[in-house]
Amino acid sequence: MTDVITARNAIEESIAGLTLATALQRTAEAFGDQPAYSDKVGITSEDGSGWRTITWREVRESSLDLAAGLVELGVEPGDTVALMASSRTEHVLADLAAVHAGATPMSIYATLSPTQIEYVVGHADPAVVVLEGADQLARWESVLAGGAHNIKKVIVIHDAATPEGELFGSWSALASAGAAYRSANAVEVDARWQGISPNQPVTILYTSGTTGNPKGVVLSHANVLYEAASSTTTAGTETPGITISYLPFAHIAERILGMYVPQFMSGHVHLISDPSLLVGALADVRPTRFFGVPRVWEKIRTGVSARLAAEPDEAKRAGIEQAMAVGLEYVEALQFGNTPSPELTAKFEAMDGAVLGLLRALLGLDRVEWAASAAAPMPEDVARFFAGLGMRIYDVYGMTETSSAITACGPDAFRLGTVGRPLAGIEVKLAEDGEILSRGPVTMTGYHRQDDATRELIDSDGWVHTGDIGELDEDGFLKVVDRKKEMIITSSGKNIAPSNIENYLKESPLVGHALVYGEGRPYVVAVLTLDPEIAPLVAAKFGIEGKGLAELAQDPQILAMVGQAVEAANARLSRPEQVKTWELLPAEWTAESEELTPTLKLKRRVVHTKYSDVLDALYGG
């Protein structure tokens with residue numbers, strides 16, 4: 001405990017008195033001419049090359065101009081400013097503008113329905129709303145037309161999409177008016193950001209809501225700056241890096257990695273507006289650091305595996321497999337408490353130079369010094385696959401309510417199959433029932449206007465009850481078993497973790513998503529979907545051409561292969577965990593179709609409701 005307090009005190013001393021505004025001021029002074037953010041908005045070159053880039057000095061100056069524009073519009077300290085836009089420079093600048101105006105920015109998932117937006121607007125009461133363009137305006141139309149709000153202005157980033165009417169204003173108009181207002185009222189504008197205290201809100205993030213209405217998580221400047229300082233220490237990334245930002249800024253991990261860490265210590269962030277462009281961006285940017293939710297790593301692995309399987313030269317394929325076996329052995333030897341032998345190190349270096357480095361280069365991952373995964377359990381077979389490429393993927397664990405990470409693997413403490421050890425100054429323990437509890441300076445200030453929900457999450461001693469079941473090994477490494485509320489208890493009283501079974505099922509390249517079901521039932525069943533990219537390639541290999549996903553889901557050959565995947569998963573499971581019956585669905589699960597959150601996590605209750613007839617049928621109902 002003494003070590004935890006000592007580490008906590010050291011980090012708190014290093015950020016004492018800092019706010020995001022003063023941290024950005026410091027970064028702009030030290031790295032003013034260095035690139036800060038790049039995106040491809042408006043790039044019209046035929047090959048898609050080229051980026052528009054803004055420096056750290058320009059980030060701060062533009063943020064202050066836009067903050068002045070918000071002040072002129074009547075935004076007061078403590079007001080909220082709602083943002084709905086893709087990952088682009090204007091999104092970052094709008095967020096910082098709200099901060100510098102003394103307000104609280106809140107990025108909202110672009111997949112929310114009009115009804116959900118209406119709830120958030122009624123709950124958070126934004127003074128100003130910033131929307132990207134026509135798509136976002138369409139989602140907000142009923143809310144804005146209803147008039148049951150206190151919104152002073154709706155700023156539209158795409159000038160041409162700005163509707164007529166006093167309520168609406170363009171981004172360019174806000175920027176020019178703000179620059180003029182700041183020039184004439186510099187003292188007033190500066191007083192706004194200089195008057196912020198570390199314990200004031202820096203953002204409100206409405207959770208993606210796998211069940212019910214989302215809750216607004218209020219995080220302070222002190223929360224996110226402690227997270228930035230502590231997590232970069234564990235990760236060994238205390239100097240600026242080159243990164244890619246592609247998740248929504250409504251997600252806490254992307255806020256930490258794409259906003260707060262760079263604004264705290266500099267770096268060059270490449271913003272990707274559409275996650276489908278990620279693979280191309282990796283090859284283009286060749287980042288030095290890369291964070292991927294498990295589904296992203298799974299998709300990369302599936303693509304590589306398919307390419308290797310299609311290699312016609314058996315000798316070449318065998319050589320790659322041999323190199324990857326060495327890579328896995330080497331990475332396993334880097335785990336905590338181990339040291340690779342000189343012979344293994346030499347063997348790895350030879351294979352890395354001849355084969356593995358080239359494979360990573362094909363993926364755009366050859367410069368990556370730090371790679372991580374979070375948001376859902378990382379399937380161990382996926383982590384081991386990338387270990388075969390010579391990569392350590394550091395699993396990270398946390399939640400929005402803890403400002404992102406509370407535990408993480410890193411260069412000095414890495415163990416496959418775990419989410420690492422607590423970050424510096426963070427306490428983690430297990431309750432009697434195995435629930436993971438956490439305490440530390442990253443804990444949110446509370447849920448916005450929901451004191452009862454806050455008390456349910458954080459007990460009187462300050463422990464956050466995460467809702468996850470975990471295991472701690474003898475060296476303090478944490479393993480996440482499953483969500484406490486998602487553990488299945490069969491009619492015979494067996495406790496089963498569904499995510500473990502689902503990960504085994506998804507090891508087949510054919511399977512895109514899987515949901516395991518069995519609460520109160522005599523045995524476990526599953527509903528599966530095909531991977532929309534790999535399934536057509538596999539089908540073509542077997543002479544099945546011209547069929548869509550719905551048709552492929554009924555094809556006897558495809559069904560037989562999926563059946564083999566279920567059998568392979570069952571062979572690794574205890575009898576109560578084995579999937580007795582299953583159904584391959586003729587659909588793809590996405591955030592838009594509501595089975596997934598915007599960060600590609602499974603919405604179990606949505607699937608349970610949407611496919612209740614299928615699940616009942618699997619039990620003969």
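Choose one of G563, V516, P532: the residue whose Cα lies farthest towards the positive end of the charge dipole of the stretch 487-618 (beta-carbon charges +1 Lys, Arg; -1 Asp, Glu; about the Cα centre).
In the stretch 487-618, that residue is V516.
Pairs of Cα atoms under 8 Å, at least six residues apart: use those to get the relative contact order of the chain, whole percent.
Values: 1181 pairs, mean separation 71.3, N = 621.
Normalised by residue count, the contact order of the chain is 11 percent.
Highest mean first, how do 499-509, 177-187, 514-524 rank when packing is the count of other Cβ atoms within 10 Å averaged over residues?
499-509, 514-524, 177-187
Roughly what angle does helix 171-184 make with the longest principal axis of the chain, taking Cα atoms, 0 to 90 degrees, to the nearest 10?
Around 40 degrees separate the two axes.
Pairing the Cα long axis of helix 294-309 with the longest principal axis of the chain, what angle in degrees results, from 0 to 90 and rounded to the nearest 10?
40
Quick one: Debye curve from the C-alpha atoms of the chain, no solvent, what's log10 I(q)/I(0) at q = 0.08, 0.10, 0.11 Å⁻¹?
Each listed q maps to, in turn, -0.60, -0.95, -1.16.
What Kirkwood radius, in Å to one decimal, follows from the Cα pairs of the stretch 313-484?
Values: mean 1/r = 0.0563 Å⁻¹.
Computed over the stretch 313-484, the radius equals 17.8 Å.
Express in whole angstrom the spacing between the alpha-carbon centres of the stretch 233-302 and the stretch 176-228.
Rounded to whole Å, the Cα centres lie 22 Å apart.
Per DSSP H run of at least 4 residues, take -39500 (n - 2.57); add these up for the chain, divide by its residues and hand me the 222 nm value, nearest 500 deg cm²/dmol.
Numbers: 24 runs with 251 residues, N = 621.
Here the helix-only value at 222 nm equals -12000 deg cm²/dmol.
List, in order, the whole-Hz ³J(HN,Hα) value for each residue of the stretch 60-65 obtained from phi through the Karplus relation with A = 6.51, B = -1.76, C = 1.60 and θ = phi - 60°; use x for Gly and Pro.
Values per residue, Gly and Pro as x: 5, 5, 5, 4, 5, 4 Hz.
Where the centroid of each part is defined by its Cα atoms, how far is the stretch 433-507 from the stretch 546-591 in Å?
29
Take the residue pairs K40/K547; K494/K603; K299/K541; K299/K429; K215/K299 and return only those whose Cα atoms are more than 25 Å apart. Intermediate values should be presented prior to the final figure.
On the way: K40/K547 34 Å; K494/K603 23 Å; K299/K541 19 Å; K299/K429 33 Å; K215/K299 30 Å.
With Cα atoms farther than 25 Å apart: K40/K547; K299/K429; K215/K299.
Is there a quick way to get the dipole size of the chain? I mean about its Cα centre, with the Cβ of Lys and Arg at +1 and of Asp and Glu at -1; what is the value in debye to the nearest 20?
340
Suppose R0 equals 30 Å. What FRET efficiency, 1/(1 + (r/R0)^6) with r the Cβ-Cβ distance, do L277 and A540 give to the nearest 0.05? Before the final figure, lay out each step's value.
Numbers: r = 25 Å, r/R0 = 0.82.
Computed FRET efficiency for L277 and A540: 0.75.
Suppose R0 equals 60 Å; then what is the FRET efficiency for A16 and S341 from their Cβ-Cβ distance, rounded to the nearest 0.05? If you can, show how the numbers build up before the last one.
Details: r = 45 Å, r/R0 = 0.75.
Between A16 and S341 the formula returns 0.85.
Using only Cα atoms, locate the centre of the stretch 315-345 and the centre of the stretch 60-128, then give the distance between them in Å, rounded to an integer.
With the stretch 315-345 and the stretch 60-128 each reduced to a Cα centre, they are spaced 48 Å.
Every number here is computed from the coordinates shown, using simple stated rules; none is lab data. These figures come from a predicted structure and were not determined experimentally. Cβ coordinates were reconstructed from backbone atoms using ideal geometry, including for glycine residues, and neighbour counts include every protein chain displayed.
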